[in-house]
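Undergrad: Once you've had a glance at the structure underneath, I'll fire off some questions.
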Amino acid sequence: MKFFIDTANLNEIKEANELGILDGVTTNPTLMAKENITGNNNILKHYVEICSIVDGDISAEVNALTFEEMVAEAEILADLHPNIVVKVPMTSEGLKTIKYLSSKEIKTNCTLIFSPGQALLAAKAGATYVSPFVGRLDDISSDGLQLVAQIRTIFDNFGFETQILAASLRNPMHIIQCAEIGADVITAPLNAIKALIKHPLTDSGLAQFVADYQKGNK
Ligand code: E4P
């Protein structure tokens, strides 16, 4: 399973990359705004900077809503770096855009997926990734992880190569449950990824080992 970090914060991206387990980065316009990255030129420069830190797929989202404008924006994004994956929203115009970009061998991530039917259409259009939003479904008392499982079954039924990129994950258990379901990729904030490292028995066991080593070396 691939691990992506879900942030536009360069320090967090560097920290995750240094752990040696990072396979890519996802961003969205909200994550960019959170880092005060505004204006098209600054946003494009920021993507290039992320690509210089992480050697893996970097999702860069289009902001246009029509097919023609999305394609124009996607081509600029794809030209920034070979690792850019163009993030396209699940709409009719988005589907057409994914189909077109796929014919040009430009990688895509179909975002804002909230139903199995949306994922199926994105896969048929040739999306490289689909991003089901787990946490946002949980937020409205729906079952986000069940959606990931449904998409897994559908993709396996037909051998779709589109990868399931479980997004909007909020905690370490979301990551573990996605691994159990067989999501191809998870994207999560740094704190959820780092929470996987911690266990109280590891901490107490290590404290004991350190204390016993020091006793023997006094
Ligand atoms: C990533 O691709 C998504 O945009 C992101 O995971 C959404 O997360 P949120 O629901 O926490 O905003």
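The values are calculated or read from the model by the stated rules, or taken from the named source; none is laboratory data. Since the structure is predicted, the reported quantities are computational estimates derived from the model, not experimental observations. Cβ sites come from the backbone with ideal geometry, for glycine too, and all protein chains shown count toward neighbours. Accessible surface areas use protein heavy atoms only, side chains included; no ligands, DNA or RNA. Shrake-Rupley method; radii C 1.70, N 1.55, O 1.52, S 1.80 Å.
Undergrad: Could you run through the range 38-89 and say how many residues are among the charged types (D, E, K, R) and either over 22 Å from residue 22 (Cα atoms) or in contact with a Leu (Cβ under 7 Å, 6 or more places away or on another chain) (or both)?
TA: So the answer is 6.
Undergrad: Taking into account only those residues within the range 111-131 that are in contact with a Phe, Trp or Tyr (Cβ under 7 Å, 6 or more places away or on another chain) and assigned to a strand (DSSP E or B), which is nearest to residue 80 (Cα to Cα)?
TA: If we take residues in the range 111-131 being in contact with a Phe, Trp or Tyr (Cβ under 7 Å, 6 or more places away or on another chain) and assigned to a strand (DSSP E or B), then 112 is nearest to residue 80 (Cα to Cα).
Undergrad: Also, quick follow-up: Can you list residue pairs whose Cβ atoms sit under 8 Å apart, with the first residue in the range 107-120 being at positive phi and the second being open to solvent by less than 40 Å² (accessible area, probe 1.4 Å) and within 11 Å of the ligand (Cβ to nearest atom)? Count only pairs 6 or more apart in sequence or on different chains.
TA: Pairs found: 112/89; 112/131; 112/133.
Table: residues versus (1) open to solvent by less than 30 Å² (accessible area, probe 1.4 Å); (2) out of contact with any strand residue (DSSP E or B) (no Cβ under 7 Å at 6 or more places or on another chain).
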site	(1), (2)
50	yes, no
55	no, yes
60	yes, no
73	no, yes
97	yes, no
102	no, no
107	no, no
112	no, no
119	yes, no
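Undergrad: Which count do you get for residues in the range 183-218 that are part of a helix (DSSP H, G or I) and within 16 Å of the ligand (Cβ to nearest atom)?
TA: 5
Undergrad: Have a look at 88, 185, 148 and point out the one that is at pLDDT 95 or above, within 22 Å of residue 65 (Cβ to Cβ) and open to solvent by less than 50 Å² (accessible area, probe 1.4 Å).
TA: Sole residue among the options that is at pLDDT 95 or above, within 22 Å of residue 65 (Cβ to Cβ) and open to solvent by less than 50 Å² (accessible area, probe 1.4 Å): 88.
Undergrad: Could you count how many residues in the range 151-182 are surrounded by 19 or more Cβ atoms within 10 Å (Cβ to Cβ) and part of a loop (DSSP other than H, G, I, E, B)?
TA: Adding up the residues that qualify gives 4.
Undergrad: Next question, about the same structure. Could you list, in sequence order, the residues of the range 130-144 that are in contact with a Leu (Cβ under 9 Å, 6 or more places away or on another chain) and either more than 11 Å from the ligand (Cβ to nearest atom) or among the aliphatic types (A, V, I, L, M) (or both)?
TA: 130, 134, 137, 143
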